[in-house]
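Take a look at the structure below.
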Amino acid sequence: MFFCHRKAIFVNNIHLLTIVFSRDRIGVAALYYCEMSNGFFFASSIQSLINIDTDSIDLNNDIILGFAQTGIKDHDNTTFYSQIKSTPSASTIVFYAGQYTTSNAKIEKY
């Protein structure tokens with residue numbers, strides 16, 4: 001299965017049993033992901049992930065404070081929400097067979 005939304009790509013390779021998420025080189029299209037008790041989700045907007053389960057999403061106060069002090073919000077893969085992460089530009093996230101959790105995923109720059 002192959003899915004492309006603007007410049008973010010999702011590929012499910014049934015032969016290698018891998019799932020790959022990829023973000024464009026420049027970082028124009030956002031690619032966010034979140035692991036919740038009911039599954040792994042990805043979207044191009046944070047609001048879509050919040051709407052899945054609003055009760056399980058917490059504010060990341062350290063990142064919000066850092067943004068208020070410096071105006072910088074994209075210095076790593078964290079977001080204003082503790083459970084939601086951002087894929088860095090020019091990166092892929094690879095999940096291998098039976099290991100579909102973020103702790104087992106491999107994030108690579110291309």
Of those in the stretch 4-59 that are aliphatic (A, V, I, L, M), modelled with pLDDT of 90 or more and surrounded by 15 or more Cβ atoms within 10 Å (Cβ to Cβ), the residue farthest from the chain's Cα centre (by Cα) is Ile57
Of the residues in the stretch 60-81 that are among the small types (Gly, Ala, Ser) and in a helix (DSSP H, G or I), the one that is surrounded by the most Cβ atoms within 10 Å (Cβ to Cβ) is Gly66
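The values are calculated or read from the model by the stated rules, or taken from the named source; none is laboratory data. Owing to the predicted nature of the structure, the values given are computational and were not obtained by experimental measurement. Quick reminder, even Gly has a Cβ in these numbers, built from the backbone with ideal geometry, and neighbours come from all protein chains shown.
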